1. With a cut-off of 19 Å, note down the residues of the range 340-359 whose backbone N falls inside the zone around a label point 7 Å from the Cα of residue 230 toward its beta carbon.
2. What is the gain in length, in nm to one decimal, between residue 250 and residue 101 on full extension, counting 0.36 nm per residue of separation less the C-alpha to C-alpha distance?
3. Provide the packing ranking of 466-476, 230-240, i.e. peptides ordered by the mean count of other C-beta atoms within 10 Å per residue, highest first.
4. Suppose each label sits 7 Å from its Cα in the direction of the beta carbon; what would the residue 432-residue 18 distance come out to in nanometres?
5. Full-extension gain between residue 88 and residue 307, please, as 0.36 nm times their residue separation minus the C-alpha to C-alpha distance.
6. Starting from the 7 Å offset along Cα-to-Cβ, what nm value, one decimal, do you get for the label separation of residue 277 and residue 171?
7. Hey, what number do you get for the chain at 222 nm if only DSSP H runs of n ≥ 4 count, each worth -39500 (n - 2.57), divided across all residues, to the nearest 500?
8. Can you put 249, 429 in order, fewest other beta carbons within 10 Å first?
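Here, each number is a calculation from the coordinates, and none is a lab measurement. These numbers were taken from a predicted model, which means no experiment stands behind them. Cβ placement follows ideal geometry from the backbone for every residue including glycine, while neighbour counts extend to all protein chains displayed.
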């Protein structure tokens, strides 16, 4: 551990109107907590300010029918190894788990079909495989197989993931395989996403494979470390948040919830005053782990960021159902179902059969009891469902208050949707517990406009000593992107 920076410890001078901290982190999601942990372990007393009622962002937990479950993310991508390494450091290495290998399905207009067992974002590594043929049909599988013989120039100038897959494998692959997965993972349309933003390395692998998407996916899968592409934690991913908060506070830091930052005031000596509703904090080191970073910097007049408009992300609503249903013991749709946009018989965009996906959860619930979770909200859709709007410049709460009665209506819809997606009729009498969680600022789309906005914020911060930014809004969706970037942001302030 580094020698403590005694100059940055809180001053004992009680006459000072400001609290003094060695570092302040604005935003108590995983990015902010990881950055704070790096700082306190380097001997820098750090204060984390979180405007919501609990830390953790989209990795929070909640209780449903007596079970402690994830309210948001329930797994992480294993690429890079950064998340697993952090969990090891937090003492959770022995709790790492892989999902059950029972596959997943797509719900399509007029039919259901399995998703490719070997693929990247739904792009099949083997277009003629039985599971791909079952979902695409013979004609779709034949068109997808043309990718193996098309000239490398086909798709070379594609402006988006959707355009590239359409050019190489046909539109049916986009609509039946790629759209359901991209919509579920990124709450976006593949036609709106740059390839490198959502599938790093795919273009380079395609160039090495003489243009073929299928061969590129095969190469990427072969190069991936052994094991599942995603992992979770026995007991729930929220255990990581609990461990991060405990570690920060054990090393002299503080995590304050319901502490909304109103403004920033840069000082002549290079420090920053952070203004809250009922206090002011001064610090030489500031980490902005919040999507409101640009708004705060703009209001502080440190740079003209008026044109920098990061993507707001989709409004995502998660409905958890705990049901008693022996018919689900057979996991009729594997670990879950992703819904193609053209399917109009359900409103959900995805369903996770959690007790089929995670053996630890199956272990912890009574016989014949199951946990399923449905996700609502697509990019570009007016998915308000009772979620209130926000004023310009205001940081949105993560869990948005809803009007009385809205939850009951949505739960009824979720029971109907789950019956369709699982192929097993469910009734209200079988439901023993429910929870509805609404997220705002979820899953920002990595569009060209969003990337330009992030670049503008980073350029402004580069001219500010002692200031760093991190978070999914800046570094990309998913813990595999967020964790290493948050560590790097914190380390940049330790010099």
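1. 340-341, 348-359
2. Numbers: separation 149, 0.36 × 149 = 53.64 nm, distance 3.84 nm.
So the chain would gain 49.8 nm between residue 250 and residue 101.
3. 466-476, 230-240
4. 5.5 nm
5. Value of the extension gain: 74.7 nm.
6. Label at residue 277, label at residue 171, 5.1 nm between them.
7. When only DSSP H runs of four or more count, the value is -9000 deg cm²/dmol.
8. So the ranking, lowest neighbour count to highest, is 429, 249.
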